1. Here is a list of conditions, (1) surrounded by fewer than 10 Cβ atoms within 10 Å (Cβ to Cβ); (2) in a helix (DSSP H, G or I), and residue 14 meets all of them except one; can you say which number that is?
2. I'm trying to understand the selection: among the residues of segment 17-53, which are in a helix (DSSP H, G or I) and in contact (Cβ under 8 Å) with a residue 12 or more places away in the chain?
3. Just need a number here: residues in segment 24-50 that are within 8 Å of the chain's Cα centre (by Cα) and either loosely packed, with under 10 Cβ neighbours inside 10 Å or closer than 21 Å to residue 9 by Cβ (or both).
Amino acid sequence: MSIRERLYPIEQELSVLLRHCSDARYVWNLALEQRNSWRRERSRGITYNTQGHELA
C-alpha cells in the first residue's frame, strides 16, 4: 500500500523545496559511495548505525 501526495508550492516555497531535495540527494549519493567503497576495502559491509554516527 502506498500513499501519493501532490504538492502545489507557491513561488517562495519552491526554492526551499528544490534546495532541500538537492541536499537530500547529495547526502544519499555520498552514503551510497561510502557503502560501495567500504565493501571493496573490507569483507563486511558498513552498517546503518555506523553511517548514522558519521553523518551526525
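Please treat every number below as a calculation from the coordinates, not as lab data. Everything numeric in this text was worked out from a predicted model, so none of it was measured. Every residue, glycine as well, gets a Cβ built from its backbone with ideal geometry; the counts of neighbours run over all protein chains shown.
1. (1)
2. Result: 27, 31, 34, 35, 51.
3. Going through segment 24-50 one residue at a time, the tally reaches 3.
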